[in-house]
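J.: Quick one: the structure is below, and I'll ask about it shortly.
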Amino acid sequence: SIPCSYYQMCMLSLWVFRLLFDCYFVTLLQPDILCGFLSLIQFFSKMKKWMDMSNVPQEFRERVERLERNFEVSTVIFRKFEPIFLDIFQNPNEETSKPQRSRKQRRVLCGVKDLFNFCWTLFVYTKGNFRMIGDDLVNSYHLLLCCLDLVFANAILCPNRRDLLNPSFKGLPADFHAPEMKASEDPPCIIATLCELHDGLLVEAKGIKEHYFKPYISKLFDRKILKGECLLDLCNFTENNKALNKEYEEYVLTVGDFDERVFLGADAEEEIGTPRKFPADLQVGKTAARAHVECHLQQHFEKKRSFAPSTPLTGRRYLREKEAVITPVASATQSVSRLQNIVAGLKNAPSDLLIAIFESCARSPAESIMNRVREIGEAFCHSYTQPTDELPGSHIDFAVNRLKLAEILYYKILETIMVQEMRRLHGKDMTALLEQDVFHRSLMACCLEIVLFAYSSPRTFPWIIEVLDLRPFYFYKVIEVLIRSEEGLSRDMVKHLNSIEEQILESLAWTRDSALWTALQASGNRVPTCEEVFDQGEI
């Protein structure tokens, strides 16, 4: 075993090296850093240039990309948090200033700004303890709705805290404006109202609340981090706020990526490039530094308006008319909603028509197909729930939910493909096609990729083909077939699949172990002409 003193000396040397490296690195990025500041958006921009210049290891590059994604998700969520908060509660900048407290007076009623900060801190702390939720935009957004729902319920239950609420909020109880409001035994729930007003998915949000948020809040009460029947009561709020911030600070110092309370600071615009939207925060005069940061911010959000990629060169004819999407959260929730509409009323099993097609074959492939889908599902769930250096492991419930949607989509598209092929080939036996293992694996992988994209999962391509040990060349062959067969795919889904197609054509299909070389060798090294490819028209 290593002596403790030697271990401590090694750790001290490591920290000294890291400090020296940070000083050199910051000076390298921006020599005049001591005279100004470097916002997070500027940091990521300069970091990418430095990584390209220095040819850093892929592992380091992936860690930086993950940090940037976490920052982007948090930024998107915060931009949604402010207007939702203003819809439910009073405007923080319209409340009167608090009276000066004496040293003996430790407790004071929480103001709207205090409530704003408390709600955001509760969200980022809870999100940090559910790493499988924090990297997922859709799940993170619904977790935010749960936090707002909890704070709203406490404001309603606390008789002297209803002044915090916006009297025009549509989710208020029917008798809210009555002289005497009846006390409710159960805390009110506004999840449905928030989903209706602010692009949420009710089933997803309720699942997060019941299976994750409520049990976790109960644990916080058991650990005495949160106290009292009403979190906002005069006797409880100060202690609750202090304890919550202390716990979050410990989390940031141990496993957190960055302190997300920075969004709440008065200098947030300078520190990370995120403008506050409260009217009173807007200043008439802007310094040159502030204008410079806002320029970087505008460029960042123009680029990150949606997590969907830009339109690639191929597949433009498959794109639908552009849909009116305002925010990345709306884009993500609409993608999930579109996906759920596609599979609504269907089961993750072959339909009667598809079973009839199987039975019409010379050899029924039904058993082998269902066994293959089950094996793919087991591999997917195992990899989806296992943590790695780049990604935290997700909960099995999320994996099963994603898999079920992909299975339904797989059987639906397979049925459409078979009907089209039988019509084109005038009832020819489909045994040869249905026995192609690589075709089914590629189609199932493509369906899983669609589901992962719809939920804005950080497990981006080529993660799925690595999990299923599938060659990019075979995955590429089913993309156009799938897009042709399913007209319900959203514009962003089609653009995402087309971008994967471009990625494979640009690099992945030309690697040393690519199946493309085997296919060329089998054809006698004869490359088919464009006319032959277009005239062939087969899967």
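J.: Convert each backbone phi in region 222-229 into a coupling constant with the Karplus relation 6.51 cos²θ - 1.76 cosθ + 1.60 (shift: θ = phi - 60°), then list the ³J(HN,Hα) values in order as whole Hz, x for Gly and Pro.
T.: Values, residue by residue: 5, 7, 6, 6, 10, 9, x, 6 Hz.
J.: Given points 7 Å out from each Cα along the Cα-Cβ axis, report the E62 to F169 separation in nanometres with one decimal.
T.: Distance between the two pseudo-spin positions: 4.3 nm.
J.: Using the structure shown, list the pairs from K170/K206; K46/K80; K127/K206; K80/K214; K127/K412; K209/K412 with a Cα-Cα distance above 24 Å, or answer none. Could the numbers behind the result be given before it?
T.: Working: K170/K206 19 Å; K46/K80 27 Å; K127/K206 16 Å; K80/K214 22 Å; K127/K412 35 Å; K209/K412 31 Å.
Distance filter (> 24 Å) returns K46/K80; K127/K412; K209/K412.
J.: While we're here: Once the piece of chain linking N245 and V262 is laid out straight, how much longer is it, given 0.36 nm per residue of separation minus the C-alpha distance between them? If you can, show how the numbers build up before the last one.
T.: Values: separation 17, 0.36 × 17 = 6.12 nm, distance 1.26 nm.
The span from N245 to V262 would gain 4.9 nm if fully extended.
J.: Based on the mean of other beta carbon atoms within 10 Å per residue, what is the order of 400-406, 359-365, 453-459, most packed first? If you can, show how the numbers build up before the last one.
T.: On the way: 400-406: 19.9, 359-365: 13.4, 453-459: 23.6.
Put in order of decreasing packing, that is 453-459, 400-406, 359-365.
J.: Work out the charge dipole of region 326-533 with +1 on the Cβ of Lys and Arg and -1 on the Cβ of Asp and Glu about the Cα centre, then indicate which of V478, P350, H496 is farthest towards its positive end.
T.: Among V478, P350, H496, the one farthest towards the positive end of the dipole of region 326-533 is P350.
J.: In nm, what is the difference between 0.36 nm times the number of residues separating N371 and V438 and their Cα-Cα distance?
T.: Working: separation 67, 0.36 × 67 = 24.12 nm, distance 1.41 nm.
Stretched fully, the N371-V438 segment lengthens by 22.7 nm.
J.: Continuing with the same structure: Label-point separation (nm) for R512 and K219, each offset 7 Å from Cα along Cα-to-Cβ?
T.: Here the modelled spin labels are 4.6 nm apart.
J.: If you take the Cα Rg of region 326-533 and divide it by 2.2 N^0.38 Å, with N the number of residues, what do you get?
T.: Details: Rg = 17.6 Å, N = 208, 2.2 N^0.38 = 16.7 Å.
That ratio works out to 1.05.
J.: Report, by chain and number, residues whose modeled amide H sits under 5 Å from the one on F89, excluding near sequence neighbours (fewer than 5 apart, same chain).
T.: N166
J.: Taking a label point 7 Å from the Cα of E378 along the Cα→Cβ vector, which residues of region 333-349 have an amide N closer than 20 Å to it?
T.: 348-349
J.: Now a separate question. Measure off 7 Å from each Cα along the Cα-to-Cβ vector at E502 and N91, then give the distance between these two points in nanometres to one decimal.
T.: So the two model labels end up 4.2 nm from each other.
J.: So for region 326-533, taking the charge dipole from beta-carbon charges (+1 Lys/Arg, -1 Asp/Glu), which of S507, V373, T333 sits furthest toward the positive end?
T.: In region 326-533, that residue is T333.
J.: Could you give the length gained on full extension between L346 and N160, defined as 0.36 nm per residue of separation minus the Cα-Cα distance, in nm? Mind showing how you got there, number by number?
T.: Values: separation 186, 0.36 × 186 = 66.96 nm, distance 4.95 nm.
Stretched out fully, the L346 to N160 stretch lengthens by 62.0 nm.
J.: Taking the Cα centre of region 326-533 as origin, work out the dipole magnitude from +1 charges on Lys and Arg Cβ and -1 charges on Asp and Glu Cβ, in debye rounded to 20. Walk me through the numbers on the way to the answer.
T.: Details: 20 positive and 27 negative charges, 64 e Å.
Charge dipole, region 326-533, about its Cα centre: 300 debye, nearest 20.
Read the figures in this text as sums done on the coordinates, not as results from a lab. None of the values given here were measured: they were computed from a predicted structure. All Cβ positions, glycine included, derive from the backbone under ideal geometry; neighbour counts span all protein chains shown.
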